[in-house]
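Notes follow once the structure below has been shown.
The values are calculated or read from the model by the stated rules, or taken from the named source; none is laboratory data. This is a predicted model, so every value here is computed, not measured. These area figures cover heavy atoms from the full protein model, side chains too; ligands, DNA and RNA do not enter into them. Shrake-Rupley method; radii C 1.70, N 1.55, O 1.52, S 1.80 Å.
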Amino acid sequence: MPKAPAADQLRLLTVQELDTHAAQARHRLESLESRVELAKLLEREGELTGRRIEADTAISDLKREVTKAEDDVQSVRARAKRDNDRLLIGGQTPRDLQGLQSELEVLVKRQSALEEIELDAMQRLEDAESVADGVVAEAAVIAAALADVRARVESESAAIQAELADITRERINATFNLDESLLALYEKLRAQHGDSGAAALTRGTCQGCHMSLNPADLAGIEATPDDEIVRCEECGRILVRGTTA
């Protein structure tokens with residue numbers, strides 16, 4: 001059975017406590033509410049960017065549609081003006097006059113229909129521009145919120161990073177001159193058990209897995225020399241004796 005000074009085994013609990021605090025700090029760092037909020041805001045910002053592109057594309061298409069409708073109306077108006085001018089000049093035969101009047105009637109109906117198309121396109125353009133304005137306004141709100149949340153993430157992260165730096169310094173002191181084989185075993189077990197490689201044996205219970213040892217195993221541990229490293233039969237962690245807490 002491997003051995004390590006009993007005092008070093010007791011010091012291992014301090015190392016374990018620091019490692020637990022470090023793991024908790026890293027978890028807080030990764031799960032900051034401000035980070036969650038930031039992720040949601042970034043998602044919303046991406047959605048708004050997509051909507052802005054769609055709105056700009058729609059506006060561009062509708063502007064071309066309005067321009068075409070305006071050109072069509074202007075073309076009909078120009079044609080009607082030429083026909084009216086010809087009527088005013090006179091000199092046409094009755095047949096020509098009848099043809100001009102018939103064409104003017106058709107042009108009036110055509111102009112009315114094209115103006116309806118133009119008005120519809122202009123209304124849809126106005127609606128699209130209103131949507132784009134709404135997206136821009138919301139994007140501005142999101143941008144301001146992002147600036148605020150990013151500042152909070154930076155501040156909260158810096159505080160936890162400083163805490164982790166302090167824990168790292170304390171751990172260096174706690175492991176100074178600690179039995180190398182004991183520390184190596186602890187690190188191996190900690191990797192297997194998620195940052196927990198050692199636990200106190202308190203009132204017959206392993207504080208790592210919180211399982212009570214059976215009387216036979218407990219008697220065997222109590223009979224083991226203090227410098228021998230014992231392990232929990234349930235979870236495999238190093239059991240540190242000599243604690244009452």
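Couple of notes before you dig in:
- Per-selection Rg to Rh, region 1-130 - Cα, Kirkwood hydrodynamic radius: 1.74
- Percent accessible area from carbon and sulfur atoms, the chain, protein chains only, probe 1.4 Å: 53 percent
- Gap separating the Cα centres of region 172-197 and region 112-158, nearest whole Å: 56 Å
- Once C-alpha pairs closer than 8 Å and six or more residues apart are averaged by separation and normalised to the residue number of the chain, the relative contact order reads 36 percent.
- Labels on offer are (1) 0.97; (2) 1.09; (3) 2.33, and the one holding Cα Rg over 2.2 N^0.38 Å computed from this structure is (3).
- Span-rule helices in the chain, defined as complete DSSP H runs reaching 27 Å or more along the axis (Cα) with Kyte mean at least -0.5: 94-174
- The residues of the chain expose on average 62 square angstrom of accessible surface per residue, using a 1.4 Å probe on protein heavy atoms.
- Under 27 Å, Cα to Cα: Lys pairs in the chain, sequence gap 8 or more or different chains: 6
- The relative contact order of region 170-241 comes to 28 percent, based on Cα pairs under 8 Å that sit 6 or more residues apart.
- From the Kirkwood radius over Cα pairs of region 182-243, Stokes-Einstein at 10 °C and 1.306 mPa s returns a whole-number translational diffusion coefficient of 137 µm²/s.
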